[in-house]
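Peer 1: Okay, here's the structure, questions in a sec.
The values are calculated or read from the model by the stated rules, or taken from the named source; none is laboratory data. Since the structure is predicted, the reported quantities are computational estimates derived from the model, not experimental observations. Here the Cβ positions follow ideal geometry from the backbone for every residue, glycine too, while neighbour counts run over all protein chains shown. Quick note on the areas: whole protein, heavy atoms, side chains included, nothing else; ligands and nucleic acids left out. Shrake-Rupley method; radii C 1.70, N 1.55, O 1.52, S 1.80 Å.
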Amino acid sequence: DLSLRGANVSMVNANDNEFMAKFLEDGAVELYHNNVKKFETISGGCRIPSGGLLFGSDTAAANALSDYEEGTWTPSILVGSGLSIGNVHQNRYTKIGRTVTLNASFNINSSNVPASGNDVRIGGFPYGMSGFDNGGFPIDVHYNYKVTPCAFINPAGYLYYQSTTVGGNNQQGIAPALDAVSTISLVFSYVTT
């Protein structure tokens, strides 16, 4: 058996100029590749400070899982007169790599009934959306607890739906469906820049 004792134990290369591993008393264990720290333990678990996590025999940096995050976001009204965000019941997001998934439920308060065909644009997303030429991101939206068919949201945060009774690209604003207090619930994923 081999036991190494010390408050801080390091393993270095034969030339004594590159770290291979460090073991810190009551602290981190750090592993290095070519003198660059690639893995460390922390009080809450472990962390990959550079590069990312690759699976199997994959070596492509573009495929490395290097980002995971959970948090909250604050919805906002970008377009819509007399509208404001009321109670926020749920406003979570999860980001894995470049994919962001939002899960939200909040009230929109309206001091007036928006005119037919008017838009309501919702923003405040935690990350910008990658650009695209046409179309939108399909989402599952409920307003006043009624399902909105074929809902979409574009990078500007424009919430709309396609009419199921009219063919073609007939976009309809959701503003006419708003009451004095309306509950908007949505979940969707998008790709960030």
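Peer 1: Restricting attention to segment 25-64, report how many residues are out of contact with any Phe, Trp or Tyr (no Cβ under 8 Å at 6 or more places or on another chain), open to solvent by 60 Å² or more (accessible area, probe 1.4 Å) and among the aliphatic types (A, V, I, L, M).
Peer 2: The qualifying residues number 6.
Peer 1: Turning to a different aspect of this structure: Given the condition of a type in the set (Val, Ile, Thr), farther than 30 Å from residue 186 by Cβ and either surrounded by 14 or more Cβ atoms within 10 Å (Cβ to Cβ) or in contact (Cβ under 8 Å) with a residue 60 or more places away in the chain (or both), answer yes or no: does some residue in segment 4-18 qualify?
Peer 2: Yes; the residues of segment 4-18 include at least one that is of a type in the set (Val, Ile, Thr), farther than 30 Å from residue 186 by Cβ and either surrounded by 14 or more Cβ atoms within 10 Å (Cβ to Cβ) or in contact (Cβ under 8 Å) with a residue 60 or more places away in the chain (or both).
Peer 1: Separate question: Taking residue 88 and the conditions (1) touching a Gly at 6+ places or on another chain (Cβ under 8 Å); (2) open to solvent by 50 Å² or more (accessible area, probe 1.4 Å); (3) part of a strand (DSSP E or B), which numbered condition does it fall short on, given that it satisfies the others?
Peer 2: So residue 88 meets the others, but not (1).
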